[in-house]
1. So what's the gap between the Cα centers of segment 214-246 and segment 175-196, to the nearest angstrom?
2. Which FRET efficiency value, to the nearest 0.05, do you get for residue 27 and residue 198 by plugging their Cβ-Cβ distance into 1/(1 + (r/R0)^6) with R0 = 35 Å?
């Protein structure tokens, strides 16, 4: 099959590894991680990318995303079917299934997550340029106090930094999801250092490329993937199926 894959930057190394062994012809387009910080406003950017690929004769357009805070809800297939993994967010994809993630989360509330892609591509200032030059840069989770002050002035910068960083105080641990790719060891070291800096407990879990691999290679079982036929769009269902085509 001839496929188009549109994927979040967090999955870059995992998808590249899978593509090297795939029997399909897959054109991969990586979208910067910063897009995710826009929440539901990421949707028009993704739709624009889908629309650009739609007339090029692909058998399917693969979405290397999850529901992502409903950021993929409303995405529409015009002439080419879309394939979306059934997961709430990227953690479910990296762990191999939404069910494994739900089980882990139930026993480990209040933890941060890292993976090779998160560690490699997360930068203090997540910029969308040049992929989406019309969108202003947004601050990422590791933005420093100095960067806030430089942009907003001393008083406002300190206030915004305190507000922006307060949520980290509610976390007690950091879980690193190992996916077995080449950068795993260096990413693990950096994740452990982050946990130590924050005073968080560090834990490592073995992820699984199963769901991402099946997204690329198939088969797309109804249990794990939403197939959006031409003329339909994605709608969140807020149940264990996560989304449906309407």
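Nothing in this text is a laboratory measurement; each read-out follows from the coordinates by a stated rule. It should be emphasised that the depicted structure is a prediction, and the values quoted were computed from it without experimental measurement. Backbone-built Cβ (ideal geometry, glycine too); neighbour counts: all protein chains shown.
1. Taking the Cα centre of segment 175-196 as reference, the centre of segment 214-246 is 31 Å away.
2. Efficiency, rounded to the nearest 0.05: 0.35.
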